[in-house]
Amino acid sequence: MPTVADAITRTKRLLNSNTRTELDAVHTEINSSATTVRLKYQTDGIRAGSYLSLGGSASVAPETVYVHSRNGEYATIQRGVDGSTAVTWAANTPIEVEPRFTEFQIYEAVKDSIRAIPNNLYAVSSAETSISTTETAVNFDISSTGFFHILQATRSPRSQKERWVKTNVKIYRDMNTTDFASGWMLAMQEGLEKNVTVRVTYAHPFITSTLNLNTDLVSTVKMEAEMQDIPSLGAAATLMLGEESNRLDLHAMGDSRGDSALTAGDRARHSMLLQAQYDRRVSQEARRLMSLYGVRADAATSAVFPTTIR
C-alpha cells in the first residue's frame with residue numbers, strides 16, 4: 001500500500017524530471033551530536049558551502065546538513081539545518097549532494113499537502129450498533145475519526161429471505177451525557193419488529209495526526225488508493241512556486257548561466273500547471289465519491305457539483 005515515503009518519491013519525479021542528483025553515502029555511523037561525517041565515495045561535489053540531504057528511514061525523518069569544510073574523505077558539518085532534526089545515521093545511509101529540493105523539504109510539503117486536501121474528498125469508514133424493539137435511539141460514538149455525514153445506513157434482515165436493508169437513521173452529537181454517555185446518539189426513523197444490527201457507513205476527515213515516512217495512506221490516513229497522486233501534485237506545486245523567488249535574488253545568479261537561459265515566470269507557470277492538475281484530480285475523485293455514495297441533504301460539505309474548495 002502507498003506510504004508517505006512513496007508520496008515523497010512521486011513528488012521527486014514531478015520536480016526533478018530527468019535531472020539526477022549526485023550521490024554519496026555515510027561510511028561510518030554518525031550519532032546525533034557528531035559534527036564530522038566520513039564519506040564513503042568521496043564525491044567531488046561535497047565542498048564548503050554544500051547542503052546535503054541524508055535520507056530518512058521507515059521511522060526516522062530525513063535530515064539536512066550544511067558543510068563547513070572538506071578534508072579528503074571527511075567533512076565538517078552543521079547538523080539539523082532548515083528545520084530538520086539531527087539523528088543517528090547508520091553506515092551506508094544515502095547522501096544527496098546539493099539536491100534541488102532536500103528530502104526534508106519534500107517531506108514537509110507532502111505532509112502539508114495531505115493535511116490541506118479539500119473537504120469534498122473524505123475518508124469512508126463503517127460502524128455497527130444494536131437496537132432493540134423497545135429503543136428508538138442508542139449511544140453511538142464515532143468521534144475518534146470525526147464525522148461529516150452519513151453515506152449509507154443498513155439494518156440486518158428481519159427474516160432469512162431478506163438481505164441487509166437500507167434504513168433511515170440520523171446521528172446527533174453533543175447530546176445530554178446523562179442519557180447518552182458518549183454524547184452521540186443514533187436515532188432510528190422506523191419501527192422495529194425485532195432486535196437488529198444497524199451498520200452505518202459515514203464520511204469523516206482524513207486521519208493526519210501521525211504522518212511518518214511509513215504511514216500508510218490507505219489503512220491509516222484512510223485515503224482511497226486512487227487518490228495517492230494528489231498529495232504529490234500539491235506538494236510539487238508548492239515547492240516549484242517557491243523556486244521562482246530565486247530570480248529575485250541577484251546573488252543567486254551564477255556566472256555560468258545567464259538570465260535568458262530560463263524565461264522569467266517559467267517556474268511559476270510550471271507550478272500553476274501542477275496546481276491545475278491537482279485541482280483536476282481532486283474534482284475527479286470528488287465525482288467518483290459522489291457516484292459511489294451520492295450526497296446527503298444534511299451533509300456538512302456542499303451538495304453542489306464537487307470542485308476543488310479554495
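The values are calculated or read from the model by the stated rules, or taken from the named source; none is laboratory data. Because the structure is a prediction, the values reported are computed rather than measured. We place every Cβ from the backbone using ideal geometry, glycine too, and count neighbours over all the protein chains shown.
Per the listing Ser144, Ser126, Ser113, the residue uniquely closer than 30 Å to Gly56 by Cβ, of a type in the set (Gly, Ala, Ser) and modelled with pLDDT of 90 or more is Ser113. Only one of the listed residues (Asn71, Asn31, Asn16) is more than 23 Å from the chain's Cα centre (by Cα), of a type outside the set (Asp, Glu) and under 22 Å from Leu213 (Cα atoms). That residue is Asn31. Only a single criterion out of (1) in contact with a Lys or Arg (Cβ under 7 Å, 6 or more places away or on another chain); (2) assigned by TED's automatic domain parsing to the domain that holds Leu233; (3) part of a loop (DSSP other than H, G, I, E, B) is not satisfied by Ile106, namely (3). From the list Glu226, Glu190, Glu162, the one residue that fits, being out of contact with any strand residue (DSSP E or B) (no Cβ under 7 Å at 6 or more places or on another chain), surrounded by fewer than 17 Cβ atoms within 10 Å (Cβ to Cβ), within 30 Å of Glu108 (Cα to Cα) and among the charged types (D, E, K, R), is Glu226.
Residues of segment 46-71 that are under 14 Å from Val26 (Cβ atoms), small (Gly, Ala, Ser) and modelled with pLDDT of 95 or more: Ser53 alone. If you check Ile142, Ile150 for being under 34 Å from the mean Cα position of the chain (by Cα), touching a residue at least 12 places away in the same chain (Cβ under 8 Å) and assigned to a loop (DSSP other than H, G, I, E, B), only one passes: Ile142.
Here Leu241 fulfils each of the conditions (1) in contact (Cβ under 8 Å) with a residue 60 or more places away in the chain; (2) touching a helix residue (DSSP H, G or I) at 6+ places or on another chain (Cβ under 8 Å); (3) among the aliphatic types (A, V, I, L, M) apart from (1).
Can you confirm whether segment 70-91 contains a residue that is within 25 Å of Gln228 (Cα to Cα) and part of a strand (DSSP E or B)? No; the residues of segment 70-91 include none that is within 25 Å of Gln228 (Cα to Cα) and part of a strand (DSSP E or B). Put simply, of Val165, Val218, Val200 the only residue that is out of contact with any Phe, Trp or Tyr (no Cβ under 8 Å at 6 or more places or on another chain), over 25 Å from Asp279 (Cα atoms) and not assigned by TED's automatic domain parsing to the domain that holds Ala61 is Val165. Scanning segment 157-208 for residues that are in a loop (DSSP other than H, G, I, E, B), within 30 Å of Glu224 (Cα to Cα) and under 38 Å from the mean Cα position of the chain (by Cα) yields a count of 13.
Condition check ((1) crowded, with 16+ Cβ neighbours inside 10 Å; (2) among the small types (Gly, Ala, Ser)) across all residues:
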{"residue": "Ala7", "(1), (2)": "yes, yes"}
{"residue": "Ala25", "(1), (2)": "yes, yes"}
{"residue": "Thr36", "(1), (2)": "no, no"}
{"residue": "Thr43", "(1), (2)": "yes, no"}
{"residue": "Ser69", "(1), (2)": "no, yes"}
{"residue": "Glu73", "(1), (2)": "no, no"}
{"residue": "Arg79", "(1), (2)": "yes, no"}
{"residue": "Ala86", "(1), (2)": "yes, yes"}
